[in-house]
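Single-structure report; data block below.
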Amino acid sequence: MEARLDFFSNPLAAKVLKHINSAGRAVTDAGLPHTTLELVKIRASQINGCGFCTDMHTKDAAAAGETAVRLNLVAAWREATVFTEAERAALELTEQGTRLADASGGVSDDAWTDAAKHYDEDQLVALISMIAVINAYNRINVINRQPAGAYRPGQFG
């Protein structure tokens with residue numbers, strides 16, 4: 001499998017990615033647990049069928065010490081006992097925020113209320129923003145058919 005175009009070396013793409021990366025860094029520095037951020041990125045990427053991002057974020061999470069059991073259960077988090085209540089709330093918000101077209105009214109009040117029990121306002125802003133950022137990356141990579149499997153942890157800094 002080959003990408004439709006070399007997005008990573010295209011000058012216009014570099015400008016676009018610079019801004020998306022800046023948004024991602026702002027979120028990373030906002031105080032949400034790193035583990036939660038990786039779970040959000042993995043789950044959204046799974047939903048969107050983005051192999052490139054799923055590969056990247058599972059490898060980055062493993063390199064940061066995440067267990068194989070938890071990584072293997074992200075897709076079935078509702079039935080898994082290995083996630084905290086806060087992580088579960090973030091995963092629910094991620095699913096609903098990624099599948100906006102699947103539900104009339106977008107994210108439910110119940111999902112929002114549950115997330116707000118575990119995260120303060122800045123953390124909620126970070127969570128919403130990370131969901132938006134990873135969905136943008138997923139769409140770029142899925143549209144471009146960016147191949148998965150060759151990512152090395154830390155490859156992009």
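Given the rule -39500 (n - 2.57) for each run of at least 4 DSSP H residues, summed and divided by the residues of the chain, what is its mean residue ellipticity at 222 nm, to the nearest 500 deg cm²/dmol?
On the way: 7 runs with 100 residues, N = 157.
Calculated at 222 nm, the ellipticity per residue is -20500 deg cm²/dmol.
A viscosity of 0.890 mPa s and a temperature of 25 °C, combined with the Kirkwood radius over C-alpha pairs in the Stokes-Einstein formula, give the stretch 1-59 a diffusion coefficient of 189 µm²/s.
Using a 1.4 angstrom probe on heavy atoms only, work out the carbon and sulfur share of the accessible area of the stretch 1-101 in %.
Working: 3010 of 5230 Å².
Result for the stretch 1-101: 58 percent of the exposed heavy-atom area is carbon or sulfur.
In square nanometres, what is one fourth of the surface area of the convex hull spanned by the alpha carbons of the stretch 24-92?
Working: hull surface 18.1 nm².
Taking the Cα atoms of the stretch 24-92, their convex hull projects to 4.5 nm² on average.
The Cα-based radius of gyration and maximum Cα-Cα distance (Dmax) for the stretch 59-157 are 14.9, 40 Å.
Toward the positive end of the charge dipole of the stretch 68-144, with +1 on the Cβ of Lys and Arg and -1 on the Cβ of Asp and Glu, the farthest Cα among 68, 116, 105 is that of 68. Positive-end ranking of 23, 47, 142 along the dipole of the stretch 23-146, with charges on Cβ about the Cα centre, is headed by 142.
The values are calculated or read from the model by the stated rules, or taken from the named source; none is laboratory data. Not measured: the values here are computed from a predicted model. All Cβ positions, glycine included, derive from the backbone under ideal geometry; neighbour counts span all protein chains shown. Ligands, DNA and RNA are excluded from the accessible area calculation, which covers all protein heavy atoms including side chains. Shrake-Rupley method; radii C 1.70, N 1.55, O 1.52, S 1.80 Å.
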